[in-house]
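Have a look at the structure below before the remarks.
The values are calculated or read from the model by the stated rules, or taken from the named source; none is laboratory data. Note that the structure is predicted; figures quoted are calculated from it, not measured. Cβ placement follows ideal geometry from the backbone for every residue including glycine, while neighbour counts extend to all protein chains displayed. Calculation scope for accessible area: heavy atoms of the full protein, side chains included, ligands and nucleic acids excluded. Shrake-Rupley method; radii C 1.70, N 1.55, O 1.52, S 1.80 Å.
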Amino acid sequence: MFAILAVNLVGGQFGRCSNLPSDELYYGISKEQCEKGGYIWKDWNANFNNVFQGTLSLFIISTQEDWPDIMFWMSDANSSDVGPLENKNRTFANLYFIAFIFVGMYFLVNLFTGVIFLNYERAREREEFR
């Protein structure tokens, strides 16, 4: 559900101009300007271009690895052919991450680990009766 929402909100907007050796970020540069300058236009590794990539990005966020970076990338995201704008400050991006962290991480991850522990407990009880 969260991946589909993110694809609809910012799908295809995670493009950026990159200078590969230093991987320096250039703000506000269009795709054409980037390629004319000899740089490469690419997406961030965690993006929401399609539902699969969105789900993978949400898994990264649910492990709490680099989630602030992904939140800032979403906040700075611009149209698909123009790179990010520094401090664009999309309020919905911040609200999206807060909602996902509460619902996705605390509820679903804890539910998942609870089911795993319950299955191990049942397996332990079966082994004790043998």
Failed item, numbered, when Val109 is tested on (1) assigned to a helix (DSSP H, G or I); (2) open to solvent by less than 70 Å² (accessible area, probe 1.4 Å); (3) modelled with pLDDT of 80 or more: (3)
Identity of the residue in segment 1-33, touching a helix residue (DSSP H, G or I) at 6+ places or on another chain (Cβ under 9 Å) and of a type in the set (Val, Ile, Thr), that ends up modelled with the highest pLDDT: Ile4
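From the list Arg124, Arg90, which one is open to solvent by 80 Å² or more (accessible area, probe 1.4 Å) and basic (Lys, Arg)? Lay out the reasoning, then the answer.
Working: Arg90 fails: open to solvent by 80 Å² or more (accessible area, probe 1.4 Å).
Unique residue meeting the criteria: Arg124.
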Cβ-Cβ under 6 Å pairs, at least 6 apart or on other chains, segment 93-112 side more than 12 Å from Phe59 (Cα to Cα), far side open to solvent by less than 70 Å² (accessible area, probe 1.4 Å): Ala93/Met74; Ala93/Ser75; Phe97/Met71
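In segment 1-15, what residues are β-branched (Val, Ile, Thr) and in contact (Cβ under 8 Å) with a residue 60 or more places away in the chain?
Kept after step one, since they are β-branched (Val, Ile, Thr), are these residues of segment 1-15: 4, 7, 10.
Selection gives Val10 alone.
Test Asp76 against the criterion of being surrounded by fewer than 18 Cβ atoms within 10 Å (Cβ to Cβ) and either at positive phi or within 15 Å of the chain's Cα centre (by Cα) (or both), and give yes or no. Talk me through it step by step, then tell me what you get.
Numbers: surrounded by fewer than 18 Cβ atoms within 10 Å (Cβ to Cβ): no; either at positive phi or within 15 Å of the chain's Cα centre (by Cα) (or both): yes.
It is false that Asp76 is surrounded by fewer than 18 Cβ atoms within 10 Å (Cβ to Cβ) and either at positive phi or within 15 Å of the chain's Cα centre (by Cα) (or both).
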Residue in segment 111-130 that is among the hydrophobic types (A, V, I, L, M, F, W, C) and under 18 Å from the mean Cα position of the chain (by Cα) present: no
